[in-house]
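Notes to accompany the following structure.
Read-outs: derived from the displayed coordinates by stated rules, not from any lab. None of the values given here were measured: they were computed from a predicted structure. We place every Cβ from the backbone using ideal geometry, glycine too, and count neighbours over all the protein chains shown.
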Amino acid sequence: MYLTVTQEARKKIMSYLEGSKDELLLDFDDGVGSLSRVGVCSLDSVFRILIISKDVPVHDYDKKIDSDIGPFRIKGYSEMYMDEEMKLDINETNQMLRLTGANSGELTAAVRIERIEKEKA
């Protein structure tokens, strides 16, 4: 499995990175896990990019996929919603990131990027 990140998409993602301790997650936001923002009964499952520092626990993200900008951690079971070849690019109309699959077409029309920091006690 491979994720191609276009030059324009790379610029957008890199603007959110703050240091070498950041990790990239391609999150299938389906209500599973501590980083999900969706309720467990939601039918609105979409992909989003999470940028986290290495001190944030990511036990739900048990697999990695390679990309042009390094590995993305994923929830292993979310592979069933992905294609072997995927691409992140910029939608020229709204300047949002767009995730497409070589066989499936559009997987998520507007991929959000979010930074997740460890909560301080």
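What the table shows:
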quantity	calculated
Calculated FRET efficiency for the pair MET14/GLU85, C-beta based, R₀ 25 Å, to 0.05	0.65
Under Karplus coefficients 6.51, -1.76 and 1.60, residue-wise ³J(HN,Hα) of the stretch 68-84 in Hz, glycine/proline x	5, 10, x, x, 10, 7, 9, 6, x, 5, 6, 4, 5, 9, 10, 9, 4
Other-chain or far-sequence residues with amide H under 5 Å of ASP68's (modelled H)	LEU3, VAL5
